[in-house]
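Written below as structure tokens is the structure these notes are about.
The values are calculated or read from the model by the stated rules, or taken from the named source; none is laboratory data. This structure is a prediction, so every number in the text was calculated from the model and none was measured. Using ideal geometry, Cβ is built from the backbone for each residue, glycine included, and neighbour counts are taken over all protein chains shown.
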Amino acid sequence: MTAGVAALPGAAAVRRRVTAVLDGFLERKAGTAAKLRMPEELTGCLRDLLAAGGKRLRPLLCVSGWQAAGGQGTPGTLIRVAASLEMFHAFCLIHDDVMDNSARRRGAPTVHRRLARHHAHGRTATAARHVGTSGAILVGDLALAWSDELLQAAGLTPRQLGAVLPLINDMRGEVMYGQYLDVTAAGRPTADVEQALRIVRYKTAKYTVERPLHIGAALAGAPLAVREALTAYALPVGEAFQLRDDLLGVFGTPEVTGKPSLDDLREGKHTVLVALALQRADARRRRVLRTLLGAPRLDEAGADRIREVFIATGARDEVEEMISAFQARALRVLETAPFPSRAIAHLRLLADAATVRAS
């Protein structure tokens, strides 16, 4: 967990309460599965993914949205809604790892790799991989369905449920479109920075920051001015969060990030980092990028050549400057935002936690 989140008053208690809700829910689901003699590895994979770390950033932002709208305390209904967002995040991670063919997540094998290994006996490697991929899609589908079940069982009033459901629906559609943009752009990176930023906004910024804040605020009956200020704060924070993630995906240490450092390069992700490098590279360096980005068998030597281009063209430094500029924009919003002072202090710390991190 980043220093900023660790320093947030009450963050540890929120994380514990959210984890307790998720653990209790999955324990009940595992009990039901056992009675029906259903395979235990489905709930087991989901339980282990949720237990393997994670910042619980979306639940924390949901609570911060509640506070920004003047909500008092942290009632159980709020915590259960926040837990539903973490379950939805698990769905996104599992399907994202399948689409990216990632080997590790949070320092452990991804769900599709784990299930492939579990079902390897008596199957060819190709057949085991197919079972693993198919199983992971289904585990992700369960996480999506169960996120809705958690929300429906949160104990919301009809007014609260009516305010939250449109936001949940918007969030789901936005992240699906963002993921589609990401998938269809992979392997064909261009110098189009605006398109890369559009992917960032829909794949990450909205569902990671804006919608959790909106959902928490809606539970507290937020007026329009509060919702607009939350959006003005959230989008630059979310964009900075993803830009930091893109840098960590290329320059981070796998032992710290919990993910391999070659996945994004092998996929040929269309990131702002790549777009800037293509804009600035001379013919020789552009050939390096065109040849090696998206190569399925890219090794560390090839990755180092790509990293050299990112550094030599100034693309890495410019992404760092963009992160700082996005963070500064978000902090300026807080100077005049109609939020209680305690909520403003929390959002300042969360902006730091989202943008200045090593994992």
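Please tell me if LEU247 is touching an Asp or Glu at 6+ places or on another chain (Cβ under 6 Å), under 13 Å from VAL319 (Cα atoms) and assigned to a helix (DSSP H, G or I).
No, not satisfied.
Does ALA30 meet the test of being under 17 Å from the mean Cα position of the chain (by Cα) and surrounded by fewer than 22 Cβ atoms within 10 Å (Cβ to Cβ)?
no
From GLY155, GLY122, which residue is without any contact (Cβ under 8 Å) to a residue 40 or more places away in the chain and on the phi > 0 side of the Ramachandran plot?
From the options GLY155, GLY122, the qualifying one is GLY122.
Would you check which residues across segment 309-319 are in contact (Cβ under 8 Å) with a residue 12 or more places away in the chain and either in a helix (DSSP H, G or I) or surrounded by fewer than 18 Cβ atoms within 10 Å (Cβ to Cβ) (or both) and list them?
VAL309, PHE310, ALA312, GLY314, ALA315, ARG316, GLU318, VAL319
Which condition does ARG280 not pass, out of (1) more than 30 Å from ALA108 (Cβ to Cβ); (2) loosely packed, with under 15 Cβ neighbours inside 10 Å; (3) not hydrophobic (A, V, I, L, M, F, W, C), if it passes all the others?
(2)
Considering only residues that are surrounded by 12 or more Cβ atoms within 10 Å (Cβ to Cβ) and part of a loop (DSSP other than H, G, I, E, B), look in segment 8-24 and name the one that is modelled with the lowest pLDDT.
The qualifying residue modelled with the lowest pLDDT is LEU8.
Restricted to segment 285-302, and to residues that are under 20 Å from THR253 (Cα atoms) and crowded, with 19+ Cβ neighbours inside 10 Å, which residue is nearest to the chain's Cα centre (by Cα)?
Looking at residues that are under 20 Å from THR253 (Cα atoms) and crowded, with 19+ Cβ neighbours inside 10 Å, I get LEU293.
Under 9 Å by Cβ, and 6 or more places apart or on different chains, what pairs join a residue from segment 169-183 that is farther than 16 Å from LEU197 by Cα with one that is among the hydrophobic types (A, V, I, L, M, F, W, C)?
Once the first residue is farther than 16 Å from LEU197 by Cα and sits in segment 169-183, its partners that are among the hydrophobic types (A, V, I, L, M, F, W, C) give MET171/LEU85; MET171/PHE88; MET171/ILE215; ARG172/PHE88; ARG172/LEU144.
Determine, yes or no, whether LEU50 is under 12 Å from the mean Cα position of the chain (by Cα), among the hydrophobic types (A, V, I, L, M, F, W, C) and at negative phi.
No.
In segment 26-53, how many are closer than 18 Å to ALA83 by Cα and assigned to a loop (DSSP other than H, G, I, E, B)?
Residues in segment 26-53 being closer than 18 Å to ALA83 by Cα and assigned to a loop (DSSP other than H, G, I, E, B): 2 in total.
Whether any residue in segment 42-55 is touching a residue at least 12 places away in the same chain (Cβ under 8 Å), surrounded by 14 or more Cβ atoms within 10 Å (Cβ to Cβ) and touching a Pro at 6+ places or on another chain (Cβ under 7 Å) is what I want to check.
no
Looking only at segment 143-166, count every residue that is assigned to a loop (DSSP other than H, G, I, E, B) and among the aliphatic types (A, V, I, L, M) and tell me the total.
3
How about segment 89-103: which of its residues are farther than 14 Å from THR19 by Cα and either in contact (Cβ under 8 Å) with a residue 40 or more places away in the chain or in a loop (DSSP other than H, G, I, E, B) (or both)?
If the condition is that a residue be farther than 14 Å from THR19 by Cα and either in contact (Cβ under 8 Å) with a residue 40 or more places away in the chain or in a loop (DSSP other than H, G, I, E, B) (or both), then PHE91, CYS92, LEU93, ILE94, HIS95, ASP96, VAL98, MET99, ASP100, ASN101, SER102, ALA103 are the ones that fit.
Inside segment 323-351, can you point out the residues that are within 22 Å of the chain's Cα centre (by Cα) and surrounded by 19 or more Cβ atoms within 10 Å (Cβ to Cβ)?
Within segment 323-351, ILE323, PHE326, GLN327, ALA330, HIS346, LEU347, LEU349, LEU350, ALA351 meet the criteria.
Before we move on, is ALA196 assigned to a helix (DSSP H, G or I), touching a residue at least 40 places away in the same chain (Cβ under 8 Å) and surrounded by fewer than 20 Cβ atoms within 10 Å (Cβ to Cβ)?
For ALA196, the condition - assigned to a helix (DSSP H, G or I), touching a residue at least 40 places away in the same chain (Cβ under 8 Å) and surrounded by fewer than 20 Cβ atoms within 10 Å (Cβ to Cβ) - is not met.
Taking LEU138, is it crowded, with 16+ Cβ neighbours inside 10 Å, more than 19 Å from ARG56 (Cα to Cα), at pLDDT 95 or above and not small (Gly, Ala, Ser)?
no
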